[in-house]
Amino acid sequence: MPDTPHSLAAPGERWPVVDGIPYLRTESEGLVAVALDHLDAGCPDDALVALLTDQDAWWTGPATDLRELKRLVRERDMLSLREAMALLRMGPVADYFAYRWSDPTYLAGLALIEAHWAAPTSAFELACGIGHYLRELGARGVACTGADVVFAKCWLAKHWVAPLADYVVFDAAAPSWPVGQARFDLVMCHDAFYFLPEQARIAARLRAVTDAGGVLAISHLHNAGFEGGAKGPALSAGAWGALFPHADVHDEAVLLDALMTQTAPATVGWHDDPQVEAWSLVEGGREGRVVADGVAMPMPGAPLRPNPLIAADGVRWPSELYREEYGSGCLWARDDADLPTTDPVRLRRVVDLPERW
């Protein structure tokens, strides 16, 4: 419950709320105390700078610089998303976020949602990053809540990508989730579940916040048996199947193809297949349908811009790491005659970028 306009309190606990985003990481007591001291002293920008220093437990990139963070806070209404991420020193993660609008993993996740669309009025996304999916859903009138363990990601989402959503920062493995009795028509975890700890417990919590008749959608579960080698933590089909025994399961590549060909994606059972790089799944909702002109495509009338990765002399990958991760699935980067579609919007040769991208 709020105890001041900038904090929440429970018996024996008090948590900061900065720029409308509650910060509830249970093992960050020192940072919580610093942020609260600044807020109580009437210095919200200092509290914001403090929280922007926080990172994932697995982060191995450079530490933030206080001078750069102070500039980011001071100039936040003028900077682009890419400039903001540079000041946060997000490194390769910044490339992932900046160019996600056309990467095959993101498009397959959109296709998963559209194929099992059940006209949600509310949505919750765990590990929401900077709000790519929340932007698309919010534009369609869905009341969205995004959760992530990194404050800076939720802050970027709120100010640059998906301002219509609400956000909360907490650890997925915490003893309880700060959503109260809320239940959501659509619950999601995209391109993130594979690296979360305590996966069985988190899967159960995702189900618990999914409303009766709602849809739970989880995308990009790496296949440990993929012949090309898994690009991240991975499990076998049997191990994933033990976590999600009743799910409707798709080969992620089939979801991308369904978007390109405007067809319904086929489902597969949990079985080891070296051709499958990653699986995506839903629990609940309707049988998969044609992926045509719904959430997987830009909103009608959206101002489309040329894909920033396509230059006059060809594709300009932001890094070799990015090319290795996504290049083979980027159909827009191909110049061959057997593409499944020539539609530049569907291929993402033109994209709907945030205004201050």
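Can you tell me which of 277-285, 46-54, 347-355, 64-72 comes out highest on packing, and rank the rest after it, using the mean Cβ neighbours within 10 Å?
Result, highest mean Cβ count within 10 Å first: 277-285, 46-54, 347-355, 64-72.
Below 8 Å, C-alpha to C-alpha, sequence gap of six or more: please give me the relative contact order for segment 255-352 in percent. Walk me through the numbers before you get to the answer.
Numbers: 72 pairs, mean separation 33.9, N = 98.
Result for segment 255-352 is 35 percent.
May I ask which residue of Ala127, Val282, Pro354 lies farthest towards the positive end of the charge dipole of the chain, with charges of +1 (Lys, Arg) and -1 (Asp, Glu) on Cβ and the Cα centre as origin?
It is Pro354, whose Cα lies furthest towards the positive end.
7 Å from Cα along Cα→Cβ at both His271 and Asp166: what's the point-to-point distance in nm?
4.5 nm
Would you mind calculating the relative contact order of segment 208-269 from Cα pairs under 8 angstrom and at least 6 residues apart, reporting the percent as a whole number?
Taking the mean separation of contacting Cα pairs over the length of segment 208-269, I get 22 percent.
Mind ranking 108-114, 309-315 by how tightly packed they are, going by the mean number of other C-beta atoms within 10 angstrom, highest first?
Those peptides, ordered most packed to least, come out 108-114, 309-315.
Between Glu287 and Arg89, what length in nm is gained on full extension when 0.36 nm per residue of separation is reduced by their alpha carbon distance?
The Glu287-Arg89 span can extend by a further 67.0 nm.
Count the DSSP beta bridges whose two residues both fall in the chain, then state the antiparallel fraction as a percent rounded to the nearest 5.
50 percent
Applying the Karplus parametrisation 6.51 cos²θ - 1.76 cosθ + 1.60 with θ = phi - 60° to the phi angles of segment 87-96, what ³J(HN,Hα) value in whole Hz is obtained for each residue in order, glycine and proline being reported as x?
So the J values, rounded to whole Hz, are 5, 7, 6, 7, x, x, 5, 5, 4, 4.
What distance in nm lies between label points placed 7 Å from Cα along the C-beta direction at Ala174 and Ala230?
2.8 nm
List the relative contact order of the chain as a percent without decimals, with contacts defined as Cα pairs under 8 Å and 6+ residues apart.
16 percent
In whole Hz, with x marking every Gly and Pro, tabulate ³J(HN,Hα) for segment 183-197 from phi via Karplus 6.51 cos²θ - 1.76 cosθ + 1.60, θ = phi - 60°.
So the J values, rounded to whole Hz, are 10, 10, 5, 10, 10, 9, 8, 10, 6, 8, 4, 4, 9, 6, x.
Bin all alpha-carbon pair distances of the chain at 10 Å intervals from 0 and give each bin's fraction as a whole percent.
Whole-percent P(r) values from 0 Å outward: 5, 24, 34, 25, 10, 1, 0.
List, in order, the whole-Hz ³J(HN,Hα) value for each residue of segment 279-292 obtained from phi through the Karplus relation with A = 6.51, B = -1.76, C = 1.60 and θ = phi - 60°; use x for Gly and Pro.
With coefficients 6.51, -1.76 and 1.60, one gets 9, 10, 8, 9, 10, x, x, 8, 4, x, 10, 4, 9, 10 Hz.
With +1 on each Lys and Arg Cβ and -1 on each Asp and Glu Cβ, how big is the dipole of the chain about its Cα centre, in debye rounded to the nearest 20?
Values: 29 positive and 49 negative charges, 124 e Å.
It comes to approximately 600 debye.
Considering amide H positions built from the backbone, and no H for Pro or chain starts, which residues 5 or more places from Leu8, or on another chain, come under 5 Å of its amide H?
For Leu8, the qualifying residues are Asp3, Trp15, Val17.
Which of the lysines could a cross-linker span from Lys70 if the Cα-Cα distance has to be under 22 Å and same-chain partners fewer than 8 positions apart are dropped?
Lys153, Lys158
Contour minus end-to-end for Thr341 and Ala242, with contour as 0.36 nm per residue of separation and end-to-end as the Cα-Cα distance?
Additional length available on full extension: 32.0 nm.
How about segment 245-344: which trypsin sites (Lys or Arg not before Pro) there lie in a loop by DSSP and see at most 14 other Cβ atoms within 10 Å?
Loop-located and lightly packed - Arg286, Arg316, Arg334.
Quick one: which residues, 5+ away or cross-chain, put their amide H under 5 Å from the amide H of Ala143? H built at 1.01 Å from N.
Ser122, Ala123
So for segment 262-355, Kirkwood radius off the Cα pairs, Stokes-Einstein at 37 °C and 0.692 mPa s: how many µm² s⁻¹?
Roughly 204 µm²/s, to the nearest whole number.
Compute, for segment 198-346, the length of the dipole vector about the Cα centre, with Cβ point charges of +1 (Lys, Arg) and -1 (Asp, Glu) only. Units Debye, rounded to 20.
Result for segment 198-346 is approximately 560 debye, rounded to the nearest 20.
FYI, it's all coordinate maths here, none of it is from the lab. Since this is a predicted model, take the numbers as computed values, not measurements. When we count neighbours, we look across all protein chains shown, and the Cβ atoms used for this are built from the backbone with ideal geometry, even at glycine.
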